[in-house]
Amino acid sequence: MEALFCIGCGAQIQTENKKAAGYTPAGSIKKAEETGDLYCQRCFRLRHYNEIVDVHITDDEFLKLLHEVGDSQALVVNVIDIFDFNGSVIPGLARFVSGNDILLVGNKRDILPKSVKDSKVTQWLTERAHEEGLRPLDVILTSAQNHQAIKELIERIDTLRKGRDVYVVGVTNVGKSTLINAIIKEITGSKDVITTSRFPGTTLDKIEIPLDDGSYIFDTPGIIHRHQMAHYLTAKNLKYISPKKEIKPKTYQLNPEQTLFLGGLGRFDFISGNKQGFTAYFDNNLKLHRTKLAGADIFYNKHAGSLLTPPTGKEVADFPKLVRHEFTIKDKMDIVYSGLGWIRIKASQDKPAQVAAWAPDGVAVVLRKALI
Ligand code: GDP
């Protein structure tokens, strides 16, 4: 059998070891011959069911991958999801690529309201990157889904790489595959020129896209961020956390001791402070439900999975319990439910607000300077 490669992660397809990279049942390979889309089981499940099959990129392999990137004379293109900055950060990237030039790509621009200026988003992303110890040469905003700014991205890459190879890195779900596909379409017009090669000392394969001058763009395997909300929902409900369209912010005038439920996925308590507007940035289909803080615990226990959805169906039983995080807000800040969205609070030094944010156990809640 000639060597086949997964078009998702680039791993060499194999049918023997279920726990190793590239495993695909023999039947799926046959089927894929007809469609031309061959994914390993892990990528297939992740794409279609959002199930993580237990073939993790081991931390060891991941370190080797970062080492190889760090040791190369290369431009590193780090793709992040603007909608989920915290869920997009690659742990340790700054340390390993400190000698390399970095181009930061903020993908999923289409989700943010059009009224927000690109320059503001870029500035904001630059600040967040600095906080993570990353010093990108430049920041560019794209929508891989809408094929927006792909040409500009390629031009930027070409200017910044100065004849060097390019490594595209990102955690899963940021849209890296969609972006790579858009890049391939733009530069080659066909898939045939794509090949793969292996990271030395790992079972991981990188996808190579040849450039005119003999250099390559390498697409590296996406690293799974274990704290993403995506891991707790089935395919049917993923739409709530992976918006396809511009989100329409909704402002709620809340009195102290009121609670907002974010479907059944999270909760926001306004504990004390002046009555004020809280602006929610979530997928347009996610139903927010206002109730009294005093009865909120009982309300959630009674209605999670019925009135408060998602989760639905068999997700409900496995859904992690909500964990409470309390904050005193004295500035214009966002409370981010990692991967789900955020609530903007316009408090100030003399008008602080005491709030609590509840998110599923394992999903991060982060306080940050307001994006909008
Ligand atoms: P990867 O795991 O990083 O390779 O991510 P994928 O390319 O598989 O994309 C993850 C999810 O994000 C999919 O549901 C995509 O349809 C969606 N997605 C990718 N790019 C964009 C984008 O530019 N805008 C929006 N709204 N969604 C996107």
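The values are calculated or read from the model by the stated rules, or taken from the named source; none is laboratory data. Predicted, not measured: the structure shown is a model, and the values here were computed from it. Here the Cβ is made from the backbone with ideal geometry for all residues, glycine too, and neighbour counts use every protein chain on show.
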If I go through region 34-44 residue by residue, how many of them are surrounded by 10 or more Cβ atoms within 10 Å (Cβ to Cβ) and over 24 Å from the mean Cα position of the chain (by Cα)?
0
Counting only residues that are within 12 Å of the ligand (Cβ to nearest atom) and of a type in the set (Val, Ile, Thr), which one in region 208-250 is modelled with the highest pLDDT?
Ile247
Please count how many residues of region 133-161 are assigned to a strand (DSSP E or B) and either more than 21 Å from Lys120 (Cβ to Cβ) or in contact with a Pro (Cβ under 8 Å, 6 or more places away or on another chain) (or both).
0
Condition test on Ala74, is it among the aliphatic types (A, V, I, L, M) and in contact with a His (Cβ under 8 Å, 6 or more places away or on another chain)?
no
Picked from region 340-363 (must be among the aliphatic types (A, V, I, L, M) and part of a strand (DSSP E or B)), the residue surrounded by the most Cβ atoms within 10 Å (Cβ to Cβ) is Ala359
Given the criteria under 21 Å from Val336 (Cα atoms) and in a loop (DSSP other than H, G, I, E, B), does Ser115 qualify?
yes
Matching residues, region 1-32, being in a loop (DSSP other than H, G, I, E, B) and either hydroxyl-bearing (Ser, Thr, Tyr) or more than 25 Å from the chain's Cα centre (by Cα) (or both):
Met1, Glu2, Ala3, Leu4, Ile13, Thr15, Glu16, Asn17, Lys18, Thr24, Pro25
Could you please find all residues in region 261-277 being hydrophobic (A, V, I, L, M, F, W, C), surrounded by 21 or more Cβ atoms within 10 Å (Cβ to Cβ) and in contact (Cβ under 8 Å) with a residue 60 or more places away in the chain?
Leu262, Leu265, Phe268, Phe270
Can you tell me which residue is surrounded by the fewest Cβ atoms within 10 Å (Cβ to Cβ) among those in region 91-112 that are touching a helix residue (DSSP H, G or I) at 6+ places or on another chain (Cβ under 8 Å) and in a loop (DSSP other than H, G, I, E, B)?
Gly99
Mind listing just one residue for me: the one in region 300-320 that is out of contact with any strand residue (DSSP E or B) (no Cβ under 8 Å at 6 or more places or on another chain) and among the hydrophobic types (A, V, I, L, M, F, W, C) and, of those, farthest from Ile241 (Cα to Cα)?
Ala317
Where residues in region 322-339 are buried (at least 22 other Cβ atoms within 10 Å of the Cβ) and out of contact with any His (no Cβ under 9 Å at 6 or more places or on another chain), which of them is farthest from Ile298 (Cα to Cα)?
Val336
Looking at this structure, is Lys151 modelled with pLDDT under 85, within 16 Å of the ligand (Cβ to nearest atom) and surrounded by fewer than 18 Cβ atoms within 10 Å (Cβ to Cβ)?
no
